[in-house]
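The values are calculated or read from the model by the stated rules, or taken from the named source; none is laboratory data. What you are looking at is a predicted structure, and each value in this text was computed from that prediction instead of being measured. As a convention, Cβ positions derive from the backbone with ideal geometry for all residues, glycine included, and neighbour counts pool all protein chains shown. Heavy atoms of the whole protein, side chains included, go into the accessibility calculation; ligands, DNA and RNA do not. Shrake-Rupley method; radii C 1.70, N 1.55, O 1.52, S 1.80 Å.
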Amino acid sequence: MAAVPPPLPCPACDFHWMIRRLLLAALLSLSALLPSLHRVQAEDAIKFLTWNVTYRNLAILSNIPKQVITINGQFPGPEIDSVTNDFLVINVYNSLNEPFLLTWNGIWQRRTSWQDGVSGTNCPIHPGRNFTYSFQVKDQIGSYFYFPSTALHKSAGGFGGIKINNRVIIPLPYPSPDGELFVLIGDWYNANHTTLRRKLDAGGQLGMPDGVLINGRGPFGTTLSVQPGKTYRLRVSNVGTSTSLNFRIQGHKMRMVETEGSHTVQNLYENVDIHVGQSYSFLVTTDQAPGDYYMVASTRFTNPVLSGIGVVHYLNSQFKVSGPLPGGPSIQIAYSLNQARTIRWNLTANAARPNPQGSFHYGMINVSETVLLYGSAASINGKLRYAVNGMSYVAPETPLKIADYFNLPGVFSLGSMPTSPRSGSPMSATPVLAPGFRAFLEVVFQNNENIVNSWHIDGYSFFVVGMDGGVWTPNNRRQYNLFDAVSRSTTQVYPHSWTAILLELDNVGMWNVRSQLWERQYLGQQFYMRVFNPEVSFRNEAPIPTNVLLCGKAAKGGHRRRQRHA
């Protein structure tokens with residue numbers, strides 16, 4: 001860390017020297033929170049945000065108010081607007097009456113897995129306390145969102161969009177749009193999250209949601225005002241808890257250009273299925289007659305079909321919306337599967353770096369290990385649980401990342417996550433997968449149930465190389481897309497079907513692998529993957545933050561931050 005220089009000999013320079021000292025002191029203080037600050041480039045901005053998390057009683061879909069989690073009084077929360085390689089310093093004050101954490105869905109956390117904001121990496125922020133998240137959106141572009149990861153808080157709100165724009169020196173693979181708009185869609189329950197939580201704790205299920213929201217509002221509560229003859233980029237994320245949604249705009253085509261940080265082949269769609277936890281960018285041109293048009297997000301694979309309804313309003317509109325909603329698919333699995341296969345990587349586009357996306361030839365890398373993950377419902381001690389390979393995750397009092405750092409025994413065992421389905425009855429455990437650093441994994445998600453599941457891996461994007469019905473076998477590798485499969489962080493798995501992904505484990509950390517259906521995640525359908533490089537170095541992972549929160553065995557043992565890196 002740089003030392004403050006001695007005072008200048010020139011008395012006339014004292015004022016300027018004082019300002020320099022104050023600025024340098026502020027930077028040195030910030031570097032305690034932001035270990036990578038000394039590597040900030042001239043073009044890498046630092047953005048400071050202060051958020052206060054509170055409850056508000058709001059009637060969203062009914063006349064009966066429920067507890068809604070707001071950030072700075074907003075629901076949805078504030079949009080994060082950033083550029084590739086920006087540093088984000090977000091000071092979160094917890095004004096709720098229970099512990100709380102935020103996670104950053106799809107953000108890689110390169111070198112900063114300490115900031116991931118899930119129970120396996122972070123102790124929760126207790127009521128009346130604060131915690132400052134500090135991380136860089138390193139080598140990423142695209143559309144993402146944040147949400148609460150603890151105690152079923154996600155069903156109460158607390159979510160918002162994350163936009164990472166490309167640097168000006170990296171061109172977009174399409175003309176710059178005339179405007180950008182976030183559209184957060186998701187299912188919604190009228191009951192308080194505390195009521196829903198008690199229901200799950202008692203062995204019940206959440207059941208059908210009560211409706212669908214668009215940007216936190218019920219039917220006709222959201223209007224997007226647009227100029228005629230313009231092209232807008234819509235960043236659409238499914239921030240719900242349980243239901244795949246189909247998104248469409250009456251009379252308008254949607255040109256897909258990005259999903260979760262990857263530029264896509266620019267296909268035109270009348271409607272697109274967006275599964276829980278997924279994000280897309282569409283270009284929509286306002287080339288229709290001046291008027292108002294339905295914007296719809298309707299549930300897929302449910303009976304009945306629930307619809308969130310908004311309005312796209314031309315500023316020179318001459319008529320209001322009327323008549324039936326534009327039709328969309330409802331329970332057809334084949335329609336969704338075939339559509340998913342059309343979403344492919346744009347090999348010639350640059351993303352966060354000037355080299356084309358297709359310069360990484362993932363299909364030419366030998367797989368070092370195959371992991372088969374079978375999700376299932378289970379009964380343990382007479383209550384409903386969900387499992388992966390027969391293991392139903394139970395969060396320990398001490399986060400796994402902290403236990404690993406301080407070498408605390410009895411919290412988890414490396415390699416305790418089976419890499420294929422285990423025999424015997426499902427069991428409660430704290431499973432951790434321990435693959436090798438820089439291993440190139442083939443992961444197959446097998447779904448033998450009647451639901452559409454959605455799977456996410458923190459810290460990574462992966463290539464979705466195949467999906468189909470039935471039970472996966474090695475013969476299915478013949479149908480893999482090893483050329484232009486899209487790279488993303490969340491993928492769906494259809495009923496009685498499989499989805500295969502490929503990923504390179506080059507990001508050190510303790511990473512959450514989870515179902516994005518929050519009932520399933522809450523009741524155990526998740527585990528952690530420890531990616532560790534024995535050559536411990538600042539290059540691989542930043543040191544433990546000075547403001548790290550300690551809990552469980554780490555707090556009881558009086559542990560203090562120590563330097564473990566070379």
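Roughly speaking, what is the stretch gain from ARG341 to ASP210, that is 0.36 nm per residue apart minus the C-alpha to C-alpha distance, in nm to one decimal?
Length gained, ARG341 through ASP210: 44.1 nm.
Straight-line reach from LYS553: which aspartates and glutamates have a Cα under 18 Å away, not including same-chain ones fewer than 8 places off?
Excluding near neighbours in sequence, the set is GLU397, ASP404.
Which distance in Å, rounded to a whole number, links the C-alpha centroids of the range 126-175 and the range 179-194?
One Cα centre to the other: 16 Å.
Expected output is a single nm value to one decimal: the length gained when fully extending between SER176 and ASP468, i.e. 0.36 nm times separation in residues minus the C-alpha distance. What is it? Provide the component values of the computation, followed by the final result.
Working: separation 292, 0.36 × 292 = 105.12 nm, distance 3.62 nm.
Between SER176 and ASP468, full extension yields 101.5 nm more.
What order do you get for 183-192, 367-376, 222-231 when each peptide is scored by the mean count of other beta carbon atoms within 10 Å, highest first?
Numbers: 183-192: 22.5, 367-376: 17.4, 222-231: 15.9.
The peptides rank, most packed first, as 183-192, 367-376, 222-231.
Divide by every residue of the chain the summed helix terms, -39500 (n - 2.57) for each DSSP H run of at least 4, and state the resulting mean residue ellipticity at 222 nm, rounded to the nearest 500 deg cm²/dmol. Mind showing how you got there, number by number?
Details: 6 runs with 55 residues, N = 566.
Rounded to the nearest 500, the figure is -3000 deg cm²/dmol.
Quick one: net charge of LYS66's neighbours, Cβ under 11 Å, K/R +1, D/E -1?
0
Considering only the range 333-460, what is the antiparallel percent among its DSSP beta bridges, to the nearest 5?
Counting only bridges with both partners in the range 333-460, antiparallel ones make up about 40 percent.
Give me the aspartates and glutamates in straight-line cross-link reach of LYS230: C-alpha distance below 17 Å, same-chain residues under 8 apart excluded.
Reachable aspartates and glutamates: ASP178, GLU180, ASP287, ASP292.
What translational diffusion coefficient, in µm²/s and rounded to a whole number, does the Stokes-Einstein relation yield for the range 333-388 at 25 °C and a viscosity of 0.890 mPa s, taking the hydrodynamic radius as the Kirkwood radius over Cα pairs? If you can, show how the numbers build up before the last one.
Working: Rh = 15.9 Å.
The calculation lands on 154 µm²/s.
Write down, largest first, the equivalent ellipsoid semi-axes of the range 219-271 in whole Å, where each equals the square root of 5 times an eigenvalue of the alpha-carbon gyration tensor. Let's see the in-between values first.
Numbers: eigenvalues 72, 67, 25 Å².
That gives 19, 18, 11 Å for the three semi-axes.
Within the range 53-73, find all residues whose amide N lies under 17 Å from a label point positioned 7 Å from the Cα of ASN190 along Cα-to-beta-carbon.
What the label zone holds, given the 17 Å backbone N cut-off, is 57-68.
Rounded to a whole number, what % of the accessible area of the chain do carbon and sulfur atoms account for, probe 1.4 Å?
Its accessible area is 54 percent carbon and sulfur atoms.
Along the three principal axes, how long is the chain when you take its alpha carbons, biggest first, rounded to the nearest angstrom?
If we take the Cα atoms of the chain, the spans are 78, 65, 54 Å.
First measure r as the distance between the Cβ atoms of ARG353 and ALA555, then evaluate 1/(1 + (r/R0)^6) with R0 = 45 Å and state the FRET efficiency to the nearest 0.05.
With R0 = 45 Å, the Cβ-Cβ based efficiency is 0.65.
Over all pairs of distinct alpha carbons, what does the Kirkwood formula give as the hydrodynamic radius of the range 184-296, in Å?
For the range 184-296, the Kirkwood estimate is 15.6 Å.
May I have the extent of the alpha carbons of the range 75-222 along their three principal axes, as whole Å values ordered from largest to smallest?
Rounded to whole Å, the extents work out to 54, 38, 25 Å.
Given bins 10 angstrom wide, list per bin the percent of all Cα-Cα distances in the range 172-225, short to long.
Percent of Cα pairs in each bin: 19, 33, 24, 14, 9, 1.
How long is the range 50-99 along each principal axis, judged by its Cα atoms, biggest number first, in Å?
44, 23, 14
Could you tell me whether the range 259-349 comes out rounded, prolate or oblate from its Cα gyration tensor? Rule is a ≥ b ≥ c as square roots of the eigenvalues, rounded for a/c under 1.5, then prolate if a/b exceeds b/c, otherwise oblate.
oblate
What number results when the radius of gyration of the range 280-319, computed over Cα atoms, is divided by 2.2 N^0.38 Å?
1.48
Looking at the chain, do any whole DSSP H helices span at least 27 angstrom along their long axis by alpha carbon and average -0.5 or above on Kyte-Doolittle, and which?
Numbers: long enough: 14-33 (29 Å, 1.15).
The qualifying helices are 14-33.
Give the percent of DSSP beta bridges with both residues in the chain that are antiparallel, rounded to the nearest 5. Could you put the intermediate results ahead of the total?
Values: 97 of 135 bridges.
Restricted to the chain, the bridges split so that about 70 percent are antiparallel.
So, for the range 302-429, what is the accessible surface per residue at a probe of 1.4 Å, expressed in square angstrom?
Per residue, the range 302-429 has 50 Å² of solvent-accessible surface.
Compute the signed sum of charges (Lys and Arg +1, Asp and Glu -1) over the other residues within less than 9 Å, Cβ to Cβ, of PHE440. Spell out each step's value before the answer.
Values: positive: ARG438; negative: GLU369, GLU442, GLU504.
Overall, the nearby charge balance is -2.
Report D for the range 407-566 in µm² per second (integer): Stokes-Einstein, Kirkwood Rh on Cα pairs, 4 °C, 1.567 mPa s.
Answer from the Stokes-Einstein relation: 73 µm²/s.
Calculate I(q)/I(0) for the range 37-138 by the Debye formula, one identical point scatterer on each C-alpha and no solvent, and give its log10 at q = 0.14, 0.16, 0.23, 0.24 Å⁻¹ to two decimals.
Rounded to two decimals, the profile gives -0.61, -0.76, -1.27, -1.33.
So with the 1.4 Å probe, I'd like the accessible area per residue for the range 121-187, rounded to whole Å².
For the range 121-187, the solvent-accessible area averages 29 Å² per residue.
With the other protein chains left in place, how much accessible area per residue, in square angstrom, belongs to the range 435-566 at a 1.4 angstrom probe? Please list the in-between numbers first.
Details: 4580 Å² over 132 residues.
Solvent-accessible surface per residue comes out at 35 Å².
With a 1.4 Å probe and every protein chain left in place, tell me how much accessible area THR430 has, in Å² to the nearest 10.
Surface accessible to solvent at THR430 totals approximately 30 Å².
Compute, for MET364, the solvent-accessible surface of its heavy atoms (probe 1.4 Å) with the complete set of protein chains present, and express it in square angstrom to the nearest 10.
Accessible area, nearest 10 Å²: 150 Å².
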